[in-house]
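Here is the structure we will look at, set down as structure tokens.
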Amino acid sequence: MNILVIGHSVVDKIIDKDKISIKPGGIFYTVVSFLSQLQPKDKLLLCSSIDKEYEILFKDAYDKIEKEFIVYVDSIPRVELVVDLTGERKETYSQIAQNLKMPADDLNRFDGILINMISGYDISLDQLEHLRKNFNGLIYFDVHTFSRGVDEKGHRIFRRIPDFNEWAECIDILQANESELLTLSDQKDEAGIVEELFSCGIKQIIITRAERGATVFIRENDSIRKIHQDALQVKVSNKVGCGDIFGAVYFYNYLKNKSVLLTLEQANLFAGVATTYSEAKDFLNLKKDANERISKK
């Protein structure tokens, strides 16, 4: 398979109690997740940007993928993350990047396109509409920081996304956590939001629920089917990047086998393993660590 991934590379300054660390962030987690799934004939192409100062943070992962659509810029986004093992993290950006430059031609060479709105400014609606018009395969869309506006101090605050129905019309599979879901509609309850999004043509809606697992909603004829799976039971020491890992593993496996149930199980496993990591290099061991958990069952 050939898969195109779109999203900003970001430098994370993570503040966890008294500990401060600088790590690769943003689409890095999506890339390492795909690397844990790819078969020998698969190709992963990344549409992103990097800079010379922080290139080294991403090198181990990005050296393993196709770089046709990676461009160098003066400075990539930086975000300060104040994390807490309960509740939503606090995000402050010191720089907001411009929309990425999309590949324009021969889009149907890809078997799937995953868009992760890392900064919320990764692509524009016009760019998404162009992709939809010229691509016949599945488009996976992770709402991520698109759900948060930005104030004059760079703080990212949840807001109602304007005209999201226009975005939804271009999406096949949508991923959001419970807070992000509330920014997609004027509806106040989950069932109402899901119904509205399905009316826009979305085929699957995935709601990630942290330690409570994840739920997939599927439209079947005139009814909505709900599939839920609990999270992997582990001692959680990390919450950064876990949703990105879930999305990449889910999308790859769904493209491969079209089984929501098997795909959800695989995505929950890999996201759960990621919650046990403390260092960026640990994420390169995802495949090995997940397989070890399977073998111990």
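What tally of residues in segment 17-41 results from selecting those that are surrounded by fewer than 16 Cβ atoms within 10 Å (Cβ to Cβ) and under 21 Å from the mean Cα position of the chain (by Cα)?
Residues meeting the conditions: 2.
In this structure, does ILE50 turn out to be open to solvent by less than 30 Å² (accessible area, probe 1.4 Å), of a type in the set (A, V, I, L, M) and in contact with a His (Cβ under 8 Å, 6 or more places away or on another chain)?
Judged against the criteria, ILE50 is not a match.
Do any residues in segment 60-71 that are within 16 Å of ARG109 (Cα to Cα) have Cβ atoms under 6 Å from those of residues that are open to solvent by 80 Å² or more (accessible area, probe 1.4 Å), where the two are at least six apart or on different chains, and which pairs are they?
Close Cβ pairs satisfying both conditions: GLU66/LYS43.
Suppose we filter ILE193, ILE207 for residues that are farther than 21 Å from TYR62 by Cβ, over 19 Å from the mean Cα position of the chain (by Cα), open to solvent by less than 10 Å² (accessible area, probe 1.4 Å) and modelled with pLDDT of 90 or more; which single one remains?
Working: ILE207 fails: over 19 Å from the mean Cα position of the chain (by Cα).
The unique qualifying residue is ILE193.
Only strands (runs of 3 or more DSSP E) wholly contained in segment 16-93 count here; list those with 2 or more residues that are among the basic types (Lys, Arg) and at negative phi.
19-26
Quick check: is even one residue across segment 112-122 surrounded by fewer than 18 Cβ atoms within 10 Å (Cβ to Cβ), touching a residue at least 24 places away in the same chain (Cβ under 8 Å) and either farther than 20 Å from GLY247 by Cα or touching a Pro at 6+ places or on another chain (Cβ under 6 Å) (or both)?
Residues of segment 112-122 surrounded by fewer than 18 Cβ atoms within 10 Å (Cβ to Cβ): none.
No, that holds for no residue.
Take segment 153-189 and flag every residue that is in a loop (DSSP other than H, G, I, E, B), among the charged types (D, E, K, R) and more than 18 Å from LYS133 (Cα to Cα). Break it down into steps so the answer makes sense when it comes.
Step one: list which residues in segment 153-189 are in a loop (DSSP other than H, G, I, E, B), which gives 153-154, 159-163, 169-172, 182-189.
Among the residues that remain, those that are also among the charged types (D, E, K, R) are: 153, 159-160, 163, 169, 172, 186, 188-189.
Passing the criteria: LYS153, ARG159, ARG160, ASP163, ASP186, LYS188, ASP189.
Please return the ranges of helices (runs of 4 or more DSSP H) entirely within segment 214-297 where 2 or more residues are in contact with a helix residue (DSSP H, G or I) (Cβ under 9 Å, 6 or more places away or on another chain) and among the polar types (S, T, N, Q).
242-257, 260-274
Which numbered condition in (1) modelled with pLDDT under 95; (2) closer than 26 Å to ALA274 by Cβ is the only one that ILE115 fails?
Among (1) modelled with pLDDT under 95; (2) closer than 26 Å to ALA274 by Cβ, ILE115 violates only (1).
Condition check: small (Gly, Ala, Ser) and over 19 Å from GLY247 (Cβ atoms). Does SER21 satisfy that?
So SER21 fits the description; yes.
Would you mind telling me which numbered condition in (1) of a type outside the set (Ser, Thr, Tyr); (2) out of contact with any strand residue (DSSP E or B) (no Cβ under 6 Å at 6 or more places or on another chain); (3) farther than 28 Å from ALA280 by Cβ; (4) surrounded by 18 or more Cβ atoms within 10 Å (Cβ to Cβ) LYS133 fails?
(4)
Of the residues that sit in segment 66-101 and are touching a Leu at 6+ places or on another chain (Cβ under 7 Å) and open to solvent by less than 50 Å² (accessible area, probe 1.4 Å), which one is farthest from GLU55 (Cα to Cα)?
GLU91
Conditions tested, residue by residue: (1) farther than 27 Å from LYS203 by Cα; (2) touching a residue at least 60 places away in the same chain (Cβ under 8 Å).
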residue	(1), (2)
PRO77	yes, yes
ARG89	yes, yes
GLN98	yes, no
ARG148	no, no
ARG156	yes, yes
ASP163	no, no
GLU178	no, no
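Of ASP163, ASP126, ASP111, ASP189, which residue is within 23 Å of GLY213 (Cα to Cα) and charged (D, E, K, R)?
Matching residue, one of ASP163, ASP126, ASP111, ASP189: ASP189.
Could you go through segment 162-173 and let me know if any residue there is modelled with pLDDT of 95 or more and small (Gly, Ala, Ser).
There is at least one residue in segment 162-173 that is modelled with pLDDT of 95 or more and small (Gly, Ala, Ser).
Anything in segment 216-235 that is in contact (Cβ under 8 Å) with a residue 40 or more places away in the chain and either surrounded by 10 or more Cβ atoms within 10 Å (Cβ to Cβ) or aliphatic (A, V, I, L, M) (or both)? List them, or say none.
Filtering segment 216-235 for residues in contact (Cβ under 8 Å) with a residue 40 or more places away in the chain gives 216, 218, 231-232, 234-235.
Result: VAL216, ILE218, ALA231, LEU232, VAL234.
Based on this model, can you work out whether LEU284 counts as surrounded by fewer than 21 Cβ atoms within 10 Å (Cβ to Cβ), modelled with pLDDT under 90, among the hydrophobic types (A, V, I, L, M, F, W, C) and within 21 Å of ILE3 (Cβ to Cβ)?
yes
The values are calculated or read from the model by the stated rules, or taken from the named source; none is laboratory data. It should be emphasised that the depicted structure is a prediction, and the values quoted were computed from it without experimental measurement. Don't worry about glycine lacking a Cβ; one is built from the backbone with ideal geometry, like all the others, and counts go over all protein chains shown. Surface accessibility is based on the protein's heavy atoms, side chains included, excluding ligands, DNA and RNA. Shrake-Rupley method; radii C 1.70, N 1.55, O 1.52, S 1.80 Å.
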